[in-house]
Amino acid sequence: MVRVGINGYGTIGKRVADAILKQDDIELVGIVKTKPDYVALQAVKKGLKIYAPDADSAKAFASAGIPVSGTLQDLLGQVDVIVDATPGGVGAKYKPLYEEVGVKAIYQGGEKTHVAEVSFSSLCNYDEAVGRRSVRVVSCNTTGLLRLICTLHNAIGVKSVRATIVRRAADPKEIKRGPVNSINLDPVKLPSHHGEDVKTVLPWLDIITAAVVVPTTLMHVHLVNIKLSRQASIEEVLQALQSTRRIILVDTKRTGIKSTAEVIEAARDAGRPRSDVPELVVFKDSITVNGDEVILFQAVHQESIVVPENIDAIRAVMNIASREDSIRKTDETLGLGKPLW
Ligand SMILES: NC(=O)c1ccc[n+]([C@@H]2O[C@H](COP(=O)([O-])OP(=O)(O)OC[C@H]3O[C@@H](n4cnc5c(N)ncnc54)[C@H](OP(=O)(O)O)[C@@H]3O)[C@@H](O)[C@H]2O)c1
């Protein structure tokens, strides 16, 4: 059993916690958060052990009547791996502490590349993370792009990628972010950073991305244009995309689904936990293959897409499973690829 702690129990941290609870080779020792709020109360109700970042925060939990099992330092003394899911940039501040204690660290995409030894995407470079001291699971948009690119690259070969990313403005729980009534070019000067982030995993790839932010909280949407290394048929492309449970194809003719709202509604109706869709959603009817060129729309559920990669990253750094075994186990335990209708 690999013993794991989670520092940061927000959008990503609580989902990674739930995913760990479904594994038989990974044990969740405890979680860290700063505020004694409803999320902390729910964690207690679930039977999770809460640790405070420091002694002062521990006092705040005590005053709110929420039991804490100690501080982050105490948690670090009991684990093999810490999953850092604190807000972007905060993980880098904890890095010296993790290193001092000697625990392996999994960081998230909000951290700069150099925070970890390897940037990680299960389908692309699992083996590069094996046995490492630190790994950074790339951001939600980058994870979505990499799942598509590596699936097509492994089956057919990919030469270059051009992608336009329509980003959600905020996560559903966030009350201070926008825009509310605008489409923001983010950034105006091209390219956006997402292509560079993809290159932290695939340094050889010719990729250029652009991004806009729109007033929605549900999912991101990408328009992706891929140049393959040879001509291919639509059947070959479909076969490649169907070879992994981390991608689901939405058949608009059959389901009527042509929006992110309907994807999330389908996940709700299907009884998915939190209406999460950790799979990359590719709109099947958008797939256009023209010689060596593939064009398609895909959607990324930003709150959950990186969760399977976090579980694989834990197995990789601890070297307890091969790429294939880890991906299979993660997919099965999280119910990935289960039909939504
Ligand atoms: N949300 C997404 O769409 C998404 C997708 C992919 C990757 N990511 C990345 O995942 C990371 C976490 O993002 P998130 O959206 O999960 O953030 P979040 O919802 O804001 O959660 C952050 C958590 O960290 C805790 N925290 C804040 N400051 C802390 C500190 N100094 N020490 C310990 N814990 C602290 C917060 O606790 P309190 O609530 O108690 O203050 C909260 O539980 C970021 O790197 C982000 O870029 C986010």
Would you check if Arg147 is among the charged types (D, E, K, R), surrounded by 18 or more Cβ atoms within 10 Å (Cβ to Cβ) and near the ligand (Cβ under 10 Å from one of its atoms)?
-> no
Can you spot a residue in the range 19-28 that is within 15 Å of the ligand (Cβ to nearest atom) and in contact with a Phe, Trp or Tyr (Cβ under 7 Å, 6 or more places away or on another chain)?
-> no
Which residues, taken from the range 70-114, are closer than 15 Å to Asn310 by Cβ and either aliphatic (A, V, I, L, M) or in the same structural domain as Leu146 (by TED's automatic domain parsing) (or both)?
-> Val79, Val81, Ile82, Val83, Ala85, Ala105, Ile106
For Ser139, indicate whether it is among the small types (Gly, Ala, Ser) and away from the ligand (no atom under 14 Å from the Cβ).
-> no
Selection status of Val16, touching a strand residue (DSSP E or B) at 6+ places or on another chain (Cβ under 8 Å) and assigned to a strand (DSSP E or B) | no
Can you tell which of Glu196, Glu174 is exposed (fewer than 15 other Cβ atoms within 10 Å of the Cβ) and without any contact (Cβ under 8 Å) to a residue 12 or more places away in the chain?
-> Glu196
Tally of residues being among the polar types (S, T, N, Q) and touching a residue at least 40 places away in the same chain (Cβ under 8 Å) across the range 41-81 = 1
Quick one: is Lys189 without any contact (Cβ under 8 Å) to a residue 60 or more places away in the chain and of a type in the set (D, E, K, R)?
-> yes
Mind checking whether some residue in the range 120-135 is buried (at least 18 other Cβ atoms within 10 Å of the Cβ), out of contact with any helix residue (DSSP H, G or I) (no Cβ under 6 Å at 6 or more places or on another chain) and not assigned by TED's automatic domain parsing to the domain that holds Asn225?
-> yes
Among the residues of the range 45-59 satisfying the criterion of being within 10 Å of the ligand (Cβ to nearest atom) and over 27 Å from the mean Cα position of the chain (by Cα), which is surrounded by the most Cβ atoms within 10 Å (Cβ to Cβ)?
-> Ser57
Of all the strands (runs of 3 or more DSSP E) wholly in the range 230-341, which have at least 1 residues that are of a type in the set (Ser, Thr, Tyr)?
-> 288-290
Applying the selection to the range 73-103, what residues are more than 11 Å from the ligand (Cβ to nearest atom), out of contact with any helix residue (DSSP H, G or I) (no Cβ under 8 Å at 6 or more places or on another chain) and more than 15 Å from Gly30 (Cβ to Cβ)?
-> Pro96, Glu99, Glu100, Gly102
May I ask you to verify whether Ala232 is in contact (Cβ under 8 Å) with a residue 24 or more places away in the chain, outside the structural domain of Ile12 (by TED's automatic domain parsing), in contact with a Leu (Cβ under 6 Å, 6 or more places away or on another chain) and of a type in the set (Gly, Ala, Ser)?
-> no
Flagged pairs (Cβ under 9 angstrom, 6 or more apart or on separate chains; first in the range 82-109, at positive phi; second more than 8 Å from the ligand (Cβ to nearest atom) and assigned to a helix (DSSP H, G or I)) are Gly102/Leu76
Selected residue [in a loop (DSSP other than H, G, I, E, B), over 22 Å from the mean Cα position of the chain (by Cα), at pLDDT 95 or above and surrounded by fewer than 22 Cβ atoms within 10 Å (Cβ to Cβ)] from Ser69, Ser160 | Ser69
Determine whether Gly8 is at positive phi, more than 12 Å from the ligand (Cβ to nearest atom) and not basic (Lys, Arg).
-> no
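The values are calculated or read from the model by the stated rules, or taken from the named source; none is laboratory data. Fair warning: this is a prediction, and the values are worked out from it, not measured in the lab. Please note: Cβ atoms are built from the backbone with ideal geometry, for glycine as well, and neighbour counts cover all protein chains shown.
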